Amino acid sequence: MSEQDNRRLLEEAYEAINRRDMDAHVKLLDENYVWENDAFPTPYKGREGSRQAFNMYFAAFPDLKLEIEQVIASGDHAVARWRATGTHKGEYKGIAPTNRQFNVRGCNVHEIRNGRIIKTLGYSNELALMQQLGAPMAKAAGR
C-alpha cells in the first residue's frame with residue numbers, strides 16, 4: 001500500500017472508534033494484531049483484544065473522542081499524533097467516576113501490511129490523564 005493509503009487507513013480506523021463502530025474498526029486490524037501501550041500492563045492481542053480495550057475506555061469515558069492531529073507515513077509504518085478528550089463517567093483503573101473532563105495527547109506508531117494494521121505501539125500521557133482525573137498518586141507525582 002502507498003503511504004497515502006496508510007494515512008487513509010488510520011483515518012478510517014480512528015473515525016470508526018469515534019463512531020463507536022468497533023466492527024468497522026476491527027476489520028481494519030490483522031487477525032494477529034498486537035497493541036502495546038505504556039499505560040497497559042500487557043499487550044492487547046487480536047481483533048477482540050482491541051475491542052476489549054476500547055470497550056473498557058468507552059465504559060470509563062463514554063464521550064471519548066480521538067482527534068488525529070498529524071499523520072506521518074513512511075513505508076509500512078504510520079505515526080498518528082492524537083489528542084484524546086472525554087469525561088470520566090465510569091471506573092478507570094480502580095478510580096471511581098469523578099465527572100472530570102480530560103484532554104491529553106499521545107502518539108501511536110502503527111505497522112501496516114496488506115491493508116491491515118498489524119501492530120500498534122502507543123505512547124500516551126497517562127500521568128496527565130491521572131492528574132486531570134484527580135488521582136491521589138498523580139497529584140503527588142505532579143508536584
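No lab work stands behind these numbers, since they all come straight from the coordinates. Please read all numbers here as calculations on a predicted model, not as lab measurements.
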- Task: Mind checking the full-extension length gain between ASN55 and ASN18? Use 0.36 nm per residue of separation minus the Cα-Cα distance, one decimal, nm.
- Result: 12.1 nm
- Message: Can you tell me what share of the DSSP beta bridges in the chain is antiparallel? A percent to the nearest 5 is fine.
- Response: 85 percent
- Give the angle, between 0 and 90 degrees and rounded to the nearest 10, that separates the Cα long axis of helix 46-60 from the longest principal axis of the Cα atoms of the chain. 30 degrees
- Query: How high is the relative contact order of the chain, in percent, counting Cα pairs under 8 Å that sit 6 or more residues apart?
  - Reply: 23 percent
- Message: In whole Hz and in residue order, list the ³J(HN,Hα) couplings for region 24-29 that follow from phi through the Karplus curve 6.51 cos²θ - 1.76 cosθ + 1.60, θ = phi - 60°; x for Gly and Pro.
- Response: 5, 5, 5, 5, 8, 9
- Query: So how tilted is helix 3-19 from the main axis of the chain? Cα-based, degrees 0 to 90, rounded to 10.
  - Reply: 40 degrees
- Message: Connecting C-alpha atoms closer than 10 Å in a GNM of the chain, tell me which of THR85, THR98, THR42 has the biggest fluctuation.
- Response: THR42
- Query: Near the amide H of LEU29, under 5 Å away, which other amide H atoms are found, from residues 5 or more places off or on another chain, if H is placed in the peptide plane?
  - Reply: ILE117
- Item | Kirkwood-type radius of the chain, with distances r between different C-alpha atoms, in Å | 15.6 Å
